[in-house]
Amino acid sequence: MAWSYAATFFWVGSGLILFPFILNKMPAETVGIWNIFQTITVMVAILDFGFQPSFARNLSYVFSGVKSLRKEGVAAVEDTVYTAAKEGVAAVDYGLLKGTLVAMQRLFRIISLAAFVLLATAGTAYFMYILGKYSGDRTDAIAAWVLLIVLNCYDLYTLYYDALLKGKGYVRRSQQIMIVSQSVYLVLAIGLIFAGLGLSAIVASRLVSIVIRRVLSRRVFFTCEMRQALSGVEADDPKEIMRAICPNAVKIGLTQLGSLAVNKSAMLIGAAFLTLEQVASYGITLQLLEILCNCSTVPYRAFSPKLAQCRAGKDLAGLRHYYLLCEAILLAIWIAGGSVAVLFGDDVLRLIKSQTMFLPTAMFAVMVAFHLLEDNQSMASGFIMSDNRIPFFIPSLLSGAATVLLLWLFLDVLDWGIWGMVLAPGIAQLAYQDWKWPGFIIRELFVEPKRNGKL
């Protein structure tokens, strides 16, 4: 967890350090375009459709000693195998591991091709429409868009490396790689911004950092011992592995699609109704809240391989321990960080002579409250998902659809402006998901065991 916080500091810190240069050197219109780029990147990631976290979770099961993968639930392992897995010496079924690797490589090759087709056609059409409102350097913006297409396609093509490290439990090494790649990104981006390259500087720097991250990830996972072990076995049927992983992966993908509609549709839909300056203010406020989100969910991300291991070993006490720890840190960071951001955020922007300000205090405070509830239910959903169950994919889709509908109502019919962007996602989530899944996991971990006399 310490390395996870260090990596998050670099992930968040690189953004915070880069932020003043972007805000100081670029007009609000350009900041608005950059926010749209970031939203598009998040939307493209949905093409993964839940397979990366599903592969990571199932790889954790493999490295915990399971001999088969299931469509739902986890194949139990013997107590001695579970104890050995906790000590890092579990007997791994390398045939199952090799088959999973082959399945991942084939799948992400197809996904990256789909991303290229979508970005080169529909994505380019949308970008050219937005560019019609842009009065800045159009050549730089178009170059940045081309680089963004390359970045997203390469990122998806090599995304399975993240699943490999996470599934193996290489949390520390994964975070060290993140620190190296983010450091490169920061140095390059600042240098290129001062060289006058604008948006293209930021995207090019991000592309270089991802290439470095993937190269280092490959070297860490595919050690001499790992390559030797994999070369000496025949891979299990990748098609059978995909049949086991696919159902829940699709459910996760649908869940992510709903979450994307909740959290990101306001930016894209709002850009069609509001000025780029208004979108920029909403965008930098949202980015700051996403920084708090990254910080508050570090423990859950760091312990996710452990959660899968606890599920394989039916270790309820371990799950309760991790849930209480993650919940306490999440609440502490949101209460403290959110208060500081609302009270002093604009003062910091004035200090760096930013051309773009955060949203007004009332809007900012409401967004903090909504995002706290969103993170809380998202973490609860993750604990449920660690048992290879996805009961929340339909409610997530409904919340996403409700968000889009409310955005249309608030922005077009009622003409509420930025308030519409702020309220629509929060109201959609508060109606059901924000209380359903935290209550679900609390009952599973604390209430029902006590009722059955096991707590």
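Under 7 Å between Cβ atoms, which residue pairs at least 6 apart in sequence (or on different chains) link something in the stretch 385-402 that is charged (D, E, K, R) with a partner that is modelled with pLDDT under 85?
387/73; 387/74; 387/311; 389/72
Yes/no per residue for (1) modelled with pLDDT of 90 or more; (2) of a type in the set (Ser, Thr, Tyr); (3) under 30 Å from residue 196 (Cβ atoms); (4) touching a strand residue (DSSP E or B) at 6+ places or on another chain (Cβ under 6 Å):
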residue	(1), (2), (3), (4)
90	no, no, no, no
96	no, no, no, no
109	yes, no, no, no
117	yes, no, no, no
137	no, no, yes, no
172	no, no, no, no
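Only one of (1) in contact with a Leu (Cβ under 7 Å, 6 or more places away or on another chain); (2) crowded, with 17+ Cβ neighbours inside 10 Å is not met by residue 427, so which one is it?
Of everything listed in (1) in contact with a Leu (Cβ under 7 Å, 6 or more places away or on another chain); (2) crowded, with 17+ Cβ neighbours inside 10 Å, residue 427 misses just condition (2).
Say we look at the stretch 119-135 and pick out the residues that are of a type outside the set (A, V, I, L, M, F, W, C) and surrounded by fewer than 11 Cβ atoms within 10 Å (Cβ to Cβ); which of these is modelled with the lowest pLDDT?
Start the filter on the stretch 119-135 by keeping residues that are of a type outside the set (A, V, I, L, M, F, W, C), which leaves 121, 123-124, 126, 129, 132-135.
Next, from what is left, pick out any that are surrounded by fewer than 11 Cβ atoms within 10 Å (Cβ to Cβ): 121, 132, 135.
Working: 121: 92, 132: 81, 135: 77.
Filtering first and then ranking leaves 135.
Given 62, 44, 102, which one is of a type in the set (Val, Ile, Thr), part of a helix (DSSP H, G or I), modelled with pLDDT of 80 or more and in contact with a Leu (Cβ under 6 Å, 6 or more places away or on another chain)?
Working: 44 fails: in contact with a Leu (Cβ under 6 Å, 6 or more places away or on another chain); 102 fails: in contact with a Leu (Cβ under 6 Å, 6 or more places away or on another chain).
Matching residue, one of 62, 44, 102: 62.
Out of the residues in the stretch 233-249 that are out of contact with any Phe, Trp or Tyr (no Cβ under 6 Å at 6 or more places or on another chain) and over 15 Å from residue 102 (Cα atoms), which is surrounded by the fewest Cβ atoms within 10 Å (Cβ to Cβ)? Let's see the steps before the verdict.
Within the stretch 233-249, the first condition is being out of contact with any Phe, Trp or Tyr (no Cβ under 6 Å at 6 or more places or on another chain), and the residues that meet it are 234-248.
Retained after the next criterion (residues that are over 15 Å from residue 102 (Cα atoms)): 247-248.
Numbers: 247: 15, 248: 24.
Ranking the qualifying residues of the stretch 233-249, first place goes to 247.
So which residues in the stretch 190-219 are among the hydrophobic types (A, V, I, L, M, F, W, C) and more than 22 Å from the chain's Cα centre (by Cα)? First the steps, then the outcome.
Filtering the stretch 190-219 for residues among the hydrophobic types (A, V, I, L, M, F, W, C) gives 190, 192-195, 197, 199, 201-204, 207-208, 210-212, 215-216.
190, 192, 193, 194, 195, 197, 199, 201, listed by residue number.
Going by the conditions given, is residue 208 open to solvent by 50 Å² or more (accessible area, probe 1.4 Å), out of contact with any Cys (no Cβ under 7 Å at 6 or more places or on another chain) and farther than 30 Å from residue 389 by Cβ?
Working: open to solvent by 50 Å² or more (accessible area, probe 1.4 Å): yes; out of contact with any Cys (no Cβ under 7 Å at 6 or more places or on another chain): yes; farther than 30 Å from residue 389 by Cβ: yes.
Yes, satisfied.
Only one of 150, 171, 215, 187 is out of contact with any Cys (no Cβ under 9 Å at 6 or more places or on another chain), surrounded by fewer than 20 Cβ atoms within 10 Å (Cβ to Cβ) and in contact (Cβ under 8 Å) with a residue 40 or more places away in the chain. Can you tell me which?
Numbers: 171 fails: surrounded by fewer than 20 Cβ atoms within 10 Å (Cβ to Cβ); 215 fails: in contact (Cβ under 8 Å) with a residue 40 or more places away in the chain; 187 fails: in contact (Cβ under 8 Å) with a residue 40 or more places away in the chain.
Every option except 150 fails the conditions.
The values are calculated or read from the model by the stated rules, or taken from the named source; none is laboratory data. Here the structure is a predicted model, which is why all the values come from computation and not from measurement. Reconstructed Cβ throughout: ideal geometry from the backbone, glycine too, with neighbour counts over all protein chains shown. Just the protein is used for accessible areas: all its heavy atoms, side chains included, with ligands, DNA and RNA removed. Shrake-Rupley method; radii C 1.70, N 1.55, O 1.52, S 1.80 Å.
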